[in-house]
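Engineer: Sharing a structure below in structure tokens format, with a few things to ask.
Each reported figure results from applying straightforward, stated rules to the coordinates on display, with no laboratory input. Predicted, not measured: the structure shown is a model, and the values here were computed from it. Positions of Cβ are backbone-derived with ideal geometry, glycine not excepted, and every protein chain shown enters the neighbour counts.
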Amino acid sequence: MSVITRRALVASAAAAATAAMLPMSRHVLAQAPAPGPFVQPPLPFLEPQLAPTISTRTVTLHFGRHHAAYFAALNTLTKDTKYVAMTLEQVVVESDKETDRRIFNNAAQAWNHNLYWATFKPGGAKAPGGKLLGMINASFGSFDQMKIKLKGDTTAIFGSGWGWLAQEGDKLVVATTPGGANLLPRNTMTTLLGIDVWEHAYYLDYENRRPDHIQAVLDNIINWDVVASRLKS
Ligand code: MN
């Protein structure tokens, strides 16, 4: 049985069990995710598959509560607005022009985590090769130097934020953004890889050791074929 099929079965069994146990009440309805056009993609792996780099508990909470909540809020905030006709990427870029940051924050975080989880798809290259490695070497000197730069800059983010490896023309760069922001509004950059350093991403597993978490992610769970597939030719 495929992973997707098994996940779908588990999810539908859980939903059926919940429906059987709970009478339909205002409370239950209030807890249901808001219906809307923006749909959280399923994880491309089972929750335990990132351990010990990221524990099952962290993946479950991060995906099931935090990431899911960004989608729920986005669907609520965009109801009956121009945004429902846009792609998630378009919502990020367009809502960044608004003074009210709520739609931007939730759309950007929904997009950021879509990119993040997809990067950990099992299989694929354990280190960059081919064109991606050539660009890393040309831009940073070596793969190790790139990891040192990405880890250093991402560790140094004050509070919550994201560290990024991005393509700018024929060069690769490291960039960071605070909070839920990302590089989409700067349309000169193509995002290749994102490291989440909100505390919900690592605190249960690494407490305050943010650099250790970043190092473990870079060394152990990235599918570098997925990263390479994001290069713009
Ligand atoms: Mn997160």
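Engineer: For segment 134-175, just say rounded, prolate or oblate: build the C-alpha gyration tensor, square-root its eigenvalues into a ≥ b ≥ c, call rounded for a/c under 1.5, and beyond that prolate if a/b exceeds b/c, oblate if not.
Structural biologist: The shape class here is oblate.
Engineer: What ranking of SER142, SER55 emerges when the number of other C-beta atoms within 10 Å of each C-beta is taken as an exposure proxy, fewest first?
Structural biologist: Fewest to most other Cβ atoms nearby, the residues stand as SER142, SER55.
Engineer: Separate question: Kindly flag which residue pairs out of LYS82/LYS147; LYS79/LYS232; LYS126/LYS232 have an alpha-carbon separation exceeding 30 Å in this structure.
Structural biologist: Check vs 30 Å cut-off fails for LYS82/LYS147; LYS79/LYS232.
Engineer: Please rank ILE221, ILE54, fewest neighbouring Cβ atoms within 10 Å first, as an exposure proxy.
Structural biologist: Ascending number of Cβ neighbours within 10 Å: ILE221, ILE54.
Engineer: Tabulate in residue order the Karplus-calculated ³J(HN,Hα) for segment 183-192, using 6.51 cos²θ - 1.76 cosθ + 1.60 with θ = phi - 60°, rounded to whole Hz; enter x for Gly and Pro.
Structural biologist: Rounded to whole hertz, the list is 8, 4, x, 8, 6, 8, 10, 9, 7, 9.
Engineer: Could you run the Karplus curve 6.51 cos²θ - 1.76 cosθ + 1.60 with θ = phi - 60° over segment 41-50 and give me ³J(HN,Hα) per residue in whole Hz, x for Gly and Pro?
Structural biologist: x, x, 5, x, 7, 7, 3, x, 6, 9
Engineer: Under 5 Å between amide H atoms, partner at least 5 residues away or on a different chain: which partners does SER160 have, H built in plane at 1.01 Å?
Structural biologist: Long-range HN contacts for SER160: GLY179.
Engineer: Shape call for segment 157-233 from the C-alpha gyration tensor, a ≥ b ≥ c root eigenvalues: rounded (a/c under 1.5), prolate (a/b greater than b/c) or oblate?
Structural biologist: oblate
Engineer: Let me know the shape class of segment 99-233, please: from the alpha-carbon gyration tensor, a ≥ b ≥ c as square roots of the eigenvalues, rounded when a/c is under 1.5, otherwise prolate if a/b is greater than b/c, or oblate.
Structural biologist: Judged from the Cα gyration tensor, segment 99-233 comes out oblate (a/c at least 1.5, b/c at or above a/b).
Engineer: Ranking THR188, THR154, THR58 by Cβ neighbours within 10 Å, fewest first, what do you get?
Structural biologist: Ranking THR188, THR154, THR58 by Cβ neighbours within 10 Å, fewest first, gives THR188, THR58, THR154.
Engineer: Additional query: From the phi of every residue in segment 209-224, what ³J(HN,Hα) in whole Hz does the Karplus formula 6.51 cos²θ - 1.76 cosθ + 1.60 yield, where θ is phi - 60° and glycine or proline is x?
Structural biologist: 8, 4, x, 5, 5, 4, 4, 5, 4, 5, 7, 10, 10, 7, 8, 5
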